[in-house]
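Just below is one structure, and these are the notes that go with it.
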Amino acid sequence: MTAPWQHPQFDPIAISLGPVAIHWYGLMYLCAFLAFYGLGRLQMAGRMAHSRMTVRDLDDLLLWGALGVVLGGRLGYVLFYKPEYYLQHPLEILWVWQGGMAFHGGLLGVVVALLGFAASRRHLGSDGTGQTLPWTGRFWVLADFVAPLVPLGLAFGRLGNFINGELWGRVTDPSAPWAMVFPQAGDGLARHPSQLYQLALEGLALFALLWLFSARRRPAGQIAGMFLLGYGLARFTAEFAREPDAFLGLLSMGLSMGQWLSLPMVLGGLALMVWAARREYTDR
């Protein structure tokens, strides 16, 4: 029988400069933001030139988005995963260094940030006649602009999870070629390296899908809808290999919290794509 792989047990500190320690997870966030910015510049120069985004807009959007990710991700974790605990320990909501972020909360935070950004940038977007788009129209232009830029950042985040040996997968056959032992789990059992599955599905595959899908101009909102649909399906699928949170376990119908939170994304993404296509047809 083939022995399972052993997690490499990376040093969580990537670089030490005297008293300053730079962690791998922090570097993954930096890589995610750099990927967002670099791809955004490509979008501005080509396929999304009609968005009328400027370099200054992109700079500001990165800041707004980062705040949305951090604040929304933290509050999402508090509300979706441990509401009772944080109701009893409200000050610990601020202790972000102890970990605890939720993608679905971060997504909601980014949506709020985009709504505010769209309201503050009247020059964004174009209806083809040079007229200023209404606030809602600017929001969909922004959402379509941002959607293809996100998956590579998610891939870096999952790589950070793997380096840290956290969010490991469910127990699997120890003779399987993918089986890996995560010492952090504390049980010595062979598990799925589900962080790498999520890196491949939510990150690389979703990026390729969205980059190709956005290669030609789509009805406003349809690229964002494809992101919701693609991420929801990828996350729902990968969760079958991911160990559910110990304090929650599996919920009704044997699904995890991540799967239940992904189902509305799938339905919302489908509805948004259909709505966008019908609206364009009606406006012709």
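The values are calculated or read from the model by the stated rules, or taken from the named source; none is laboratory data. Predicted model only: the values in this text are computed from it and were never measured. Reconstructed Cβ throughout: ideal geometry from the backbone, glycine too, with neighbour counts over all protein chains shown.
When you check S194 against the structure, is it polar (S, T, N, Q), closer than 20 Å to H7 by Cα and crowded, with 20+ Cβ neighbours inside 10 Å, yes or no?
Criteria met by S194.
Select from the range 102-130 the residues that are modelled with pLDDT under 80 and under 25 Å from the mean Cα position of the chain (by Cα) and list them in ascending order. Let's see the steps before the verdict.
As a first pass, look at the range 102-130 and keep what is modelled with pLDDT under 80: 125-130.
Result: G125, single match.
Go through L91, L79, L133 for me and flag whichever is in a loop (DSSP other than H, G, I, E, B) and at pLDDT below 90.
Numbers: L91 fails: in a loop (DSSP other than H, G, I, E, B); L79 fails: in a loop (DSSP other than H, G, I, E, B).
The conditions single out L133.
Quick one: which of F145, F207 is in a helix (DSSP H, G or I) and either surrounded by fewer than 23 Cβ atoms within 10 Å (Cβ to Cβ) or in contact with a Lys or Arg (Cβ under 8 Å, 6 or more places away or on another chain) (or both)?
F207
Name the pairs: first residue in the range 39-58 and farther than 16 Å from A224 by Cα and modelled with pLDDT of 85 or more, second residue surrounded by fewer than 18 Cβ atoms within 10 Å (Cβ to Cβ) and among the polar types (S, T, N, Q), Cβ to Cβ under 9 Å, at least 6 apart or on different chains?
M44/T54
Among all residue pairs at least 6 apart or on different chains, which show Cβ distances below 9 Å where the first residue, located in the range 65-78, is closer than 16 Å to E92 by Cβ and the second is hydroxyl-bearing (S, T, Y) and assigned to a helix (DSSP H, G or I)?
Qualifying pairs under 9 Å: Y77/Y86; V78/Y85; V78/Y86.
In the range 169-196, how many residues are within 19 Å of R158 (Cβ to Cβ) and of a type in the set (D, E, K, R)?
Total satisfying the criteria: 2.
Output the qualifying pairs, or none if there are none: Cβ atoms under 8 angstrom, residues six or more apart or on different chains, first residue in the range 204-233 and in contact (Cβ under 8 Å) with a residue 60 or more places away in the chain, second residue among the basic types (K, R) and not in a helix (DSSP H, G or I).
Taking only residues 6 or more apart or on different chains, the pairs are S214/R47; A215/R47; R216/R47; R217/R47.
Would you check if M226 is assigned to a helix (DSSP H, G or I), more than 18 Å from the chain's Cα centre (by Cα) and either aliphatic (A, V, I, L, M) or closer than 18 Å to L201 by Cα (or both)?
Considered against the rule, which asks whether it is assigned to a helix (DSSP H, G or I), more than 18 Å from the chain's Cα centre (by Cα) and either aliphatic (A, V, I, L, M) or closer than 18 Å to L201 by Cα (or both), M226 comes out as no.
Output the residue which, of all residues in the range 1-35 that are hydroxyl-bearing (S, T, Y) and part of a helix (DSSP H, G or I), is surrounded by the fewest Cβ atoms within 10 Å (Cβ to Cβ).
So, considering only residues that are hydroxyl-bearing (S, T, Y) and part of a helix (DSSP H, G or I), the one surrounded by the fewest Cβ atoms within 10 Å (Cβ to Cβ) is Y29.
So which of Y77, Y85 is more than 23 Å from the chain's Cα centre (by Cα) and more than 22 Å from G40 (Cβ to Cβ)?
Y85
Has the range 237-244 got any residue that is surrounded by 15 or more Cβ atoms within 10 Å (Cβ to Cβ), assigned to a helix (DSSP H, G or I) and among the β-branched types (V, I, T)?
There is at least one residue in the range 237-244 that is surrounded by 15 or more Cβ atoms within 10 Å (Cβ to Cβ), assigned to a helix (DSSP H, G or I) and among the β-branched types (V, I, T).
Can you name every residue in the range 35-77 that is closer than 20 Å to V112 by Cα and hydroxyl-bearing (S, T, Y)?
Passing the criteria: Y37, S51, Y77.
Answer yes or no: is there a residue in the range 83-98 that is in contact with a Phe, Trp or Tyr (Cβ under 9 Å, 6 or more places away or on another chain) and closer than 19 Å to G157 by Cα.
No, the range 83-98 contains no residue that is in contact with a Phe, Trp or Tyr (Cβ under 9 Å, 6 or more places away or on another chain) and closer than 19 Å to G157 by Cα.
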